[in-house]
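Each remark here refers to the structure printed beneath this line.
The values are calculated or read from the model by the stated rules, or taken from the named source; none is laboratory data. This is a predicted model, so every value here is computed, not measured. So basically every Cβ, Gly included, is an ideal-geometry build from the backbone, and we count neighbours across all protein chains shown. Note: areas computed on protein heavy atoms with side chains; ligands, DNA, RNA excluded. Shrake-Rupley method; radii C 1.70, N 1.55, O 1.52, S 1.80 Å.
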Amino acid sequence: MNIDGVPYRTVWLDGSTVKLIDQPLLPHTFAIHDAPTPAATADAIRTMVVRGAGAIGATGAFGIAQAALLARDADFHAEVAQAASLLAATRPTAQNLFYGIRAVMHAIEAQGDDLSAARQAAVAAAQEVADDDAACCEAIGRHGAPLLEDGMGVGTHCNAGWLAFVDWGSALSPIYAAHRGGTRLHVWVDETRPRSQGARLTAFELGQEGVPHSVIADNSMGAWMRRGQVQAVIVGSDRIAANGDVANKIGTYAVATMAAANGIPFYVAAPTTTIDPDCPHGDDIPIEERGEDEVAWTWGWSDEGRFLRVRTTPAHSRCRNLAFDVTPAALVRGILTEHGLVPASPEGMARVMRRPGPPQG
Ligand code: MRU
């Protein structure tokens, strides 16, 4: 995707350095963050310099490749395994992170004690994870664009655009494809407290792409639906259970419930690397709870161009901060994957789910 006309990916490997678009600085500053070691790469995921399921999946994959490139011969397998544990412990919910790590670990293990082959295989496998993510998202756009008709209002929550993946995005990819094809759309962007991924990142992306949009307060999507402004909702997902239940950014369940109450189709867009074959039900998905400061404080740039962090809650009030919620499959009209629209059901998921490693079946 283009930023001020320059094509970028969200994450890439340059030598043994993982390069990332620094997302907490957006939309006010565009900068590239360098992670020179696996520990720095893990830190970038944990602190959300990079976020979004596909983007952290590719970052995890590049982090293992980086570990393989930097590991000493004498301790190669132990050092790579240590990096894998570090990267896997960063964030618990997005399935793509575990997919990306496992894919590169499989490639390394397949080379046995040939360390030069293992290093080469690791870099190739990580690049394959990133390229696959971009290709899947491009296909999601192709399959999803025909669902969007001229003049539609489309609701979305959080950021499931190209910043959340390696390129294109999941929920925003059909919007970009339809917009580029001449379909006139208006996107209703939930601000997505507490970290405001909608207000900061989705609005930034849509602006770069020239898609008309309005940022709205999280608690107003239902009102815009009742006013007849929203004809479809598309969101992304961090993990989809084998029964079609969907974990996504906190607040998604409320949007899905309001869509159902208003008879509006609610689509979830995700590459099949987001489906967890080992997670039978949405209640089994590990849900991250983050620090209370994210709820108590907000941040942004003052008119004078100063970065400010301000507290909005009383100093003595405790906060809770669930990062994700689960939307039951029954509320989902379909899952838009790289293979097209699939029912959010055990049968639908079984048809498309995949595991990392050598081709199956
Ligand atoms: O906490 P984040 O920003 O990593 O969470 C990302 C999301 O939950 C997004 O909603 C997105 O839809 C799923 S990731 C593509």
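Of note:
- Low-density loop positions, trypsin sites (Lys or Arg not before Pro), region 261-345 - DSSP coil, at most 15 other Cβ in 10 Å: 306, 318, 320
- Rg and Dmax of region 2-139, Cα atoms only, in Å: 14.4, 47
- Label-to-label distance, residue 124 versus residue 6, with points set 7 angstrom from Cα along the beta-carbon direction: 3.2 nm.
- For the chain, the longest principal axis of the C-alpha atoms and the axis of helix 115-144 are separated by about 20°.
- Computed over the chain: relative contact order in percent, which uses C-alpha pairs under 8 Å that are six or more apart: 16
- Relative to the Cα centre, the charge distribution of the chain, modelled as +1 at Lys and Arg Cβ and -1 at Asp and Glu Cβ, gives a dipole magnitude of about 880 debye.
- In the context of the full set of protein chains, residues of the chain present 40 Å² of accessible surface per residue (probe radius 1.4 Å, heavy atoms only).
- The Rg/Rh ratio of region 187-246, with Rg taken over Cα atoms and Rh as the Kirkwood radius over Cα pairs, comes to 1.02.
- Annotation: Cα Rg of region 89-160 relative to the compact-globule expectation 2.2 N^0.38 Å equals 1.59.
- Taking trypsin sites (Lys or Arg not before Pro) across region 50-156, the ones in a DSSP loop with at most 12 further Cβ atoms lying within 10 angstrom of their Cβ are 72.
- C-alpha center-to-center spacing [region 144-213, region 33-80] in angstrom: 29
- Estimated dipole of region 1-79 in Debye, rounded to 20 [Cβ of Lys and Arg +1, of Asp and Glu -1, Cα centre]: 220
- With at most 12 other Cβ atoms within 10 Å, longest stretch of the chain clear of loop GluC sites (Glu not before Pro) (DSSP): 150-303
- Solvent-accessible surface (1.4 angstrom probe) belonging to residue 345, in square angstrom, nearest 10: 20
- Legend: calculated FRET efficiency, residue 304 to residue 47, from the Cβ-Cβ distance at R0 = 30 Å, rounded to 0.05, equals 0.70.
- Here the spin labels are modelled as points 7 Å beyond Cα on the Cα-Cβ line, and at residue 77 and residue 311 they lie 5.2 nm apart.
- The fraction of accessible area contributed by carbon and sulfur in region 319-361 is 57 percent, rounded to a whole number (1.4 Å probe; ligands and nucleic acids excluded).
- Kirkwood hydrodynamic radius of region 3-62, from inverse mean 1/r over distinct Cα pairs, in Å: 11.5
- Protein heavy-atom surface of region 1-132, 1.4 angstrom probe: 53% of the accessible area is carbon and sulfur, with nucleic acids and ligands not counted.
- Within region 202-361, all pairs of alpha-carbon atoms sorted by distance into 10 Å bins from zero give the percentages 10, 30, 32, 21, 7, 1.
- The 1.4 Å probe gives accessible areas that order 19, 249, largest first, as 19, 249.
- Size-normalised alpha-carbon gyration radius of the chain, reference 2.2 N^0.38 Å: 0.96
- Most fluctuating residue given options 159, 262, 243, as computed from a GNM of the chain linking Cα atoms under 10 Å: 262
- C-alpha center-to-center spacing [region 324-343, region 260-276] in angstrom: 3
- Here the contact order of region 140-352, divided by its residue count and restricted to Cα pairs under 8 Å and six or more residues apart, works out to 22 percent.
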